[in-house]
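A quick write-up on the structure given underneath.
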Amino acid sequence: MNTKMKMLAVLVLSCLVSSASAQQTIKRKGNTSSTSAKSKTVTSNRRRTSGNAHSRVNDDYIVEDSVAVEVDDEPAGTTYLMELSMASGFKLYGRKYADYVDNADAQKDLAKDLQECKNAKTGCLTNHKGIYVYGGNGYNSNGLNSDMKDALSYCNKNKFTVNDVAVTDVGWWCVVYENTLYKGNVPEDCKKALDGFAKNNEKILSISISENGNYAIVTDSHYEASNSFDSKILGQAIERYGRIRSVCITNRGILVTCANGIYFWDVPSNVIDKLQKRNGTPTLVRYTDSGTYMAFDGDGFQAFYM
């Protein structure tokens with residue numbers, strides 16, 4: 001995709017914003033640029049490598065094969081902006097693509113345990129790691145490093161409420177707890193943002209870090225993203241569907257779960273297609289560019305493909 005086409009895509013996206021929700025709009029916090037994370041454009045040239053066949057677990061047991069695909073410019077099978085809905089009527093709006101490759105490990109044990117959990121409220125997954133948090137500080141995980149497991153154990157033993165978690169395969173991780181506190185290994189600008197929110201006593205609702213070091217944070221009064229495109233999506237999500245409950249960013253896309261719907265951009269079609277079949281109102285959706293995902297509301301609803 002040439003520069004003119006990319007500029008046109010951003011312009012079209014800027015124009016397709018509906019009127020603001022009656023709920024209070026979250027304020028965007030100051031400068032959203034970052035020197036420590038690479039900016040993510042609407043579509044970036046990326047190469048995908050082949051992967052092995054994986055068994056997945058959600059409502060049934062599925063085997064899907066990965067194949068080698070090279071992605072240049074606009075992803076093949078990318079859709080235009082569209083408004084969809086889950087079986088419950090919960091709205092879905094954005095753009096999905098079909099040319100993803102499933103390079104993720106099958107999280108069989110984590111998925112099996114999650115099927116028995118009735119109050120999962122947050123979580124995160126990568127191609128090789130996974131975690132979900134239930135109740136105030138209970139958790140189940142796979143593949144996490146010892147520092148992150150120690151942080152989660154610390155919260156559990158001290159009965160601290162875990163607000164959110166983030167993890168990547170390249171080593172970034174974060175555990176936000178007791179509203180303003182956190183432990184983790186995060187990009188420098190992300191650390192500055194978290195410290196600033198804590199100093200202002202803002203409740204940190206959601207944090208997401210991508211493999212390439214981009215980040216997004218949502219508090220009870222602000223949001224911040226490490227690049228202008230993700231910041232634009234966050235703002236448009238609020239105007240269309242009200243207050244943000246959680247955010248998920250990857251190297252390729254972003255998904256924002258709001259009070260009245262989900263706003264997404266360049267998310268694998270498998271994630272959106274499976275959400276359409278589910279009956280619920282999630283407060284959190286986390287996904288990977290491989291098409292795996294988890295969705296919770298903390299009160300009985302859960303959907304996942306891992």
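With a 1.4 Å probe rolled over the protein heavy atoms of all chains, the accessible area of MET82, MET306 falls in the order MET82, MET306, largest first. Taking square-rooted eigenvalues a ≥ b ≥ c of the alpha carbon gyration tensor, is the range 225-280 rounded, prolate or oblate, where a/c under 1.5 means rounded and, failing that, a/b exceeding b/c means prolate? The shape class here is oblate. Using R0 = 22 Å, the C-beta based FRET efficiency linking ASP169 and LYS191 works out to 0.65. The 3J(HN,Hα) values that the Karplus relation (6.51, -1.76, 1.60; θ = phi - 60°) gives for the range 213-221 are, in residue order, x, 6, 8, 9, 10, 10, 10, 6, 9 Hz. Gly and Pro appear as x. Could you list, in their original order, any pairs among LYS157/LYS191; LYS96/LYS149; LYS159/LYS274; LYS96/LYS121; LYS108/LYS191 whose Cα atoms are separated by more than 30 Å? Among LYS157/LYS191; LYS96/LYS149; LYS159/LYS274; LYS96/LYS121; LYS108/LYS191, the Cα-Cα distance tops 30 Å for LYS96/LYS149; LYS159/LYS274; LYS108/LYS191. Hull volume per residue, based on the alpha-carbon atoms of the range 185-299 and their convex hull, is 105 Å³.
Summarising the label geometry, the points placed 7 Å from Cα in the beta-carbon direction at THR161 and SER88 lie 2.0 nm from one another. Distance between Cα centroids, the range 145-166 to the range 224-269: provide it in whole Å. Distance between centres, Cα-based: 26 Å. Ligands, DNA and RNA left out, the 1.4 Å accessible surface of the range 158-218 is 45% carbon and sulfur atoms. Between amide H atoms placed 1.01 Å from N, distances below 5 Å from LEU205 occur with VAL218, THR219, ASP220, all of them 5 or more places distant or on a separate chain.
Residues of the range 211-253 falling in the label zone of ASP299, defined by backbone nitrogen less than 12 Å from a point 7 Å along Cα to beta-carbon, are absent. Each label was represented as a point 7 Å from its Cα along the Cα-to-Cβ direction; for ASP99 and LYS149 these points are 4.0 nm apart. The figure for HIS128 is an accessible area of roughly 90 square angstrom, using a 1.4 Å probe on the protein chains alone.
Our coupling estimate for the range 177-182, obtained by passing each phi through the Karplus curve with A = 6.51, B = -1.76, C = 1.60 and θ = phi - 60°, is 9, 6, 6, 10, 9, 7 Hz, Gly and Pro reported as x.
The string of couplings for the range 247-263 from the Karplus curve (6.51, -1.76, 1.60, θ = phi - 60°) is 9, 9, 10, 10, 4, 10, x, 8, 9, 10, 9, 10, 4, 10, x, 10, 10 Hz, one whole number per residue in order, with x for Gly and Pro. Counting 0.36 nm for each residue step from ASN260 to SER221 and taking away their Cα separation leaves a gain of 12.3 nm.
Quote the FRET efficiency, to the nearest 0.05, computed for LEU181 versus LYS108 with a Förster distance R0 of 35 Å and r equal to the Cβ-Cβ distance. It would help to have the intermediate numbers written out before the result.
Details: r = 33 Å, r/R0 = 0.94.
E between LEU181 and LYS108, to the nearest 0.05, is 0.60.
The values are calculated or read from the model by the stated rules, or taken from the named source; none is laboratory data. Computed from a prediction, not measured in an experiment: that's the story for all the values here. Don't worry about glycine lacking a Cβ; one is built from the backbone with ideal geometry, like all the others, and counts go over all protein chains shown. All accessible areas refer to the heavy atoms of the entire protein, side chains included, with ligands and DNA or RNA removed. Shrake-Rupley method; radii C 1.70, N 1.55, O 1.52, S 1.80 Å.
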